[in-house]
Amino acid sequence: MAFEILKIMIKEEWRLHTSLFGNRMFAFFPLMIGISAFIASMFLPNIQTIMTTQQMLQSANYIFILFGVTIGSFGLTGKEILNRRFGQASLIAYSSRSLPVSERTIFLNFLIKDIIYYVILWILPITFGLVFATLFIEINTISILLVCGTLILSFLIGLSIVFFLSTIYAHSIKLLIVFLTIGLVVFLVLINFYNIGITTLLLPYSMYYNPSLSKFFLIMFLIFTPSTISLIFLKVDYPEKKRQYKNSLMDLSYKFKFSQHSYYIAKDFLDLKRSEGGLGKIIFSFLFPIGLTWLFLYIFLELIPTVKAIMIFAVFLGIVSASIYNILTAFDTFNPYMFLPVKVSTIIKSKITSYLIVSIFSLLILVLATISLNQLEWFIPALFSFVTISVYSLSMTIYFAGLHPTILFYNSKIFAQYICTVSPILFVFTIVSILDPFIMLASPVLLIPASFVLKKSYKKWDKWKPLSI
Amino acid sequence: MPVIKINNLTKDFGDLTAVDKVTLSIDKGQLFGLLGPNGSGKTTMIKMLTGQIKPTNGTAEILDIDVLNNPIKVRTKVGIIPEQETPPSFLTAEEYLEFVGSIRKISNIKKLSEQWFKLLDFEDQKNALCKDLSRGTRQKLMVAQAFLHEPQIAFIDEPLINLDPIIQRTLKDFLLDYIKKGNTVFFSTHVLEIAEEICTQIGIIDKGKLLHNGPITELKNKKQHLEDFFLKLVKEG
């Protein structure tokens with residue numbers, strides 16, 4: 001029975017995507033990821049001239065933990081993620097209502113299905129891309145396969161730990177703070193009093209160089225224990241009583257009266273506040289990855305002290321910051337507006353304003369990072385770089401995916417177009433930031449094409465039939 | 001004087017023709033019922049007439065406004081109740097009406113909302129989140145949002161399907177009163193009893209083709225039941 005549910009869920013996920021943009025466009029997505037990984041791998045010998053293999057492997061493991069972290073907040077969203085992904089019409093996700101299947105069984109299948117999809121769509125293609133590249137560069141194929149094995153483990157550890165933390169958050173914020181404090185204390189004690197290096201704590205990486213059965217079991221423990229506990233305590237109950245709220249739309253929209261879209265913005269904030277997880281969604285989807293990146297930067301600073309960390313951080317922050325737009329659009333399809341006199345472009349413009357308001361968080365993080373890294377002299381170029389990359393990548397997201405980035409980016413053609421327009425800029429920004437941060441003062445020039453792209457986007461999406469999801 | 005003019009309207013979805021060369025006009029003050037079996041093209045028709053989807057061929061004018069070129073203008077003038085009620089999940093019922101009021105630039109929205117809460121008897125639900133409302137209450141909310149701005153034409157897709165008999169009666173009386181004031185209603189349904197009871201004009205559609213269009217009095221004068229007429233027409237195709 002359980003296996004049947006998983007099989008049908010996999011089919012359903014496939015059909016959900018292929019019904020939106022066709023079999024081929026979805027099927028090509030992993031191929032494109034593989035090709036990108038292959039191209040990136042071809043530069044490995046060049047990167048090896050500035051970084052050692054160990055440093056590269058360590059960085060890759062961090063990135064995969066981060067990847068796991070960004071998608072692992074199932075516990076937080078629980079029912080809502082099912083709602084958003086499948087909609088009320090879904091027969092499988094909601095089959096516990098009409099069939100003798102528990103919510104937990106459904107969610108376990110959903111979790112396994114999602115892991116299978118992420119492995120097929122991202123991790124395996126990256127592995128194949130890397131392995132294929134070994135035919136052309138002097139890197140051992142076996143070691144690449146082992147590396148990929150460690151990367152999958154890092155991904156699963158990241159996913160499992162955040163699944164655990166987000167499940168705790170769904171029950172009690174206080175409990176989460178207690179757990180995080182204990183975690184931090186244990187981490188600091190291990191590092192400072194037991195002299196255990198951070199690389200030893202990065203178990204999959206550590207196992208690559210010093211494999212041992214105990215490390216393997218510890219990794220399995222880190223993957224399975226938090227996930228199992230999370231599944232046991234998962235909050236997926238349907239509320240028995242209706243939630244009542246005092247009318248606050250107009251009061252809130254009055255606060256945003258500087259914008260002609262004030263009531264749309266007020267609605268966005270009420271959506272964020274009242275949906276499951278509330279601000280926790282921002283914490284786990286945005287602030288948590290940023291926090292981890294910040295931590296990794298300290299490690300990078302140790303590895304490559306010459307790197308102007310705040311500049312690299314600003315570029316990364318700009319890209320991650322654009323993902324707030326994905327969160328804002330995830331709660332709002334165009335369906336409720338179709339019978340009202342509203343253009344798609346109006347909703348997009350209101351989302352941009354909401355995005356800019358929430359981006360104050362990102363700006364604060366940049367300020368804190370600058371102070372903490374003691375790199376005040378580069379704050380202005382970092383700020384310019386952050387604003388430009390964030391607005392530029394947002395404009396491209398909107399042009400290619402409109403109000404549906406979380407869905408349309410799985411269309412291989414759309415994703416390829418996005419990558420082709422954003423990655424060269426990202427590459428140039430990173431290199432220039434390392435060479436001479438002050439060149440970044442000229443970066444706002446990019447805002448001109450960005451605003452042109454935005455104007456084109458409004459026209460494009462007003463003409464386009466909205467996705468029925 | 002026709003307020004809805006449809007000429008040769010066609011919609012293809014790939015190989016399927018959902019609406020096939022429909023020509024029709026509806027005068028001011030009519031309560032027009034578009035009747036047809038499931039999947040006959042009723043919802044597609046309403047979506048085209050309100051500019052939610054583009055026709056493959058043909059033209060439509062609502063209050064002399066070309067729908068194809070001015071869908072937003074049409075939606076400003078008319079009220080629409082979609083087949084599936086979809087108020088945004090995380091607003092309360094009252095906030096949703098205020099939200100619609102803001103979009104439609106209605107000044108006395110608070111007062112109007114209260115009137116609708118009272119008329120459709122769901123005042124006790126006004127602070128509940130839309131996502132937590134029952135289907136019937138969400139349907140009531142969608143009825144309220146469609147009439148808030150007192151439109152001259154209302155397009156209603158399966159209007160009474162989730163409502164209890166008391167509210168059904170209230171809404172029927174409201175619609176009859178609404179057309180008496182010179183407004184027009186275009187509604188689709190497959191519940192023939194409702195159509196027979198309140199419609200002034202009926203159209204019968206099957207497999208995208210309009211099989212019949214005429215005043216309900218024609219049938220009443222011939223002492224013919226709508227159900228018999230409908231079944232005969234649809235069977236003959």
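The values are calculated or read from the model by the stated rules, or taken from the named source; none is laboratory data. Everything numeric in this text was worked out from a predicted model, so none of it was measured. Don't worry about glycine lacking a Cβ; one is built from the backbone with ideal geometry, like all the others, and counts go over all protein chains shown. Side chains are part of the model used for accessible areas, which takes the heavy atoms of the whole protein and leaves out ligands, DNA and RNA. Shrake-Rupley method; radii C 1.70, N 1.55, O 1.52, S 1.80 Å.
The table that follows gives values for the structure above.
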quantity	calculated
Residue satisfying all of: in the range A:406-423; farther than 23 Å from A:Ile448 by Cβ and assigned to a helix (DSSP H, G or I); most open to solvent (accessible area, probe 1.4 Å) among these	A:Lys413
Matching residues in the range A:128-148 - criterion: being in contact (Cβ under 8 Å) with a residue 24 or more places away in the chain and in a helix (DSSP H, G or I)	A:Phe128, A:Gly129, A:Leu130, A:Phe132, A:Ala133, A:Leu146, A:Val147, A:Cys148
Lone qualifier among B:Phe99, B:Phe90 - being open to solvent by less than 20 Å² (accessible area, probe 1.4 Å) and either part of a loop (DSSP other than H, G, I, E, B) or more than 9 Å from chain A (Cβ to nearest Cβ) (or both)	B:Phe90
Single condition B:Glu150 does not satisfy, out of (1) crowded, with 17+ Cβ neighbours inside 10 Å; (2) away from chain A (no Cβ under 11 Å)	(1)
So B:Lys126, is it of a type in the set (Lys, Arg) and free of Cβ contacts under 8 Å to residues at least 60 places away in the same chain	yes
Qualifying residue in the range A:427-437 (condition: open to solvent by less than 60 Å² (accessible area, probe 1.4 Å), in contact with a Lys or Arg (Cβ under 9 Å, 6 or more places away or on another chain) and either within 14 Å of another protein chain (Cβ to nearest Cβ) or in contact (Cβ under 8 Å) with a residue 24 or more places away in the chain (or both))	yes
When residues of the range B:68-87 are limited to those that are among the aliphatic types (A, V, I, L, M) and open to solvent by 10 Å² or more (accessible area, probe 1.4 Å), the one farthest from the other protein chains (Cβ to nearest Cβ)	B:Leu68
Matching residues in the range A:140-155 - criterion: being of a type in the set (A, V, I, L, M, F, W, C) and open to solvent by less than 40 Å² (accessible area, probe 1.4 Å)	A:Ile144, A:Val147, A:Cys148, A:Leu151, A:Leu153, A:Phe155
Subset tally (residues that are part of a helix (DSSP H, G or I), open to solvent by 10 Å² or more (accessible area, probe 1.4 Å) and polar (S, T, N, Q)) for the range B:130-147	1
Boolean, B:Asn127 is open to solvent by 30 Å² or more (accessible area, probe 1.4 Å), more than 13 Å from chain A (Cβ to nearest Cβ) and farther than 24 Å from B:Gln30 by Cβ	no
Test result for B:Pro165, touching a residue at least 12 places away in the same chain (Cβ under 8 Å) and either open to solvent by less than 10 Å² (accessible area, probe 1.4 Å) or more than 14 Å from every other protein chain (Cβ to nearest Cβ) (or both)	no
Every residue from the range B:148-171 that is more than 18 Å from B:Glu83 (Cβ to Cβ) and in a helix (DSSP H, G or I)	B:Pro165, B:Ile166, B:Arg169, B:Thr170
All positions within the range A:335-357 that are modelled with pLDDT under 90 and open to solvent by 10 Å² or more (accessible area, probe 1.4 Å)	A:Asn335, A:Pro336, A:Met338
Selection within the range B:1-23 - within 21 Å of B:Thr56 (Cα to Cα) and either open to solvent by less than 10 Å² (accessible area, probe 1.4 Å) or not in a strand (DSSP E or B) (or both)	B:Ile4, B:Ile6, B:Leu9, B:Gly14, B:Asp15, B:Val19, B:Val22
Which listed residue, of A:Ile371, A:Ile327, is open to solvent by less than 40 Å² (accessible area, probe 1.4 Å) and assigned to a helix (DSSP H, G or I)	A:Ile327
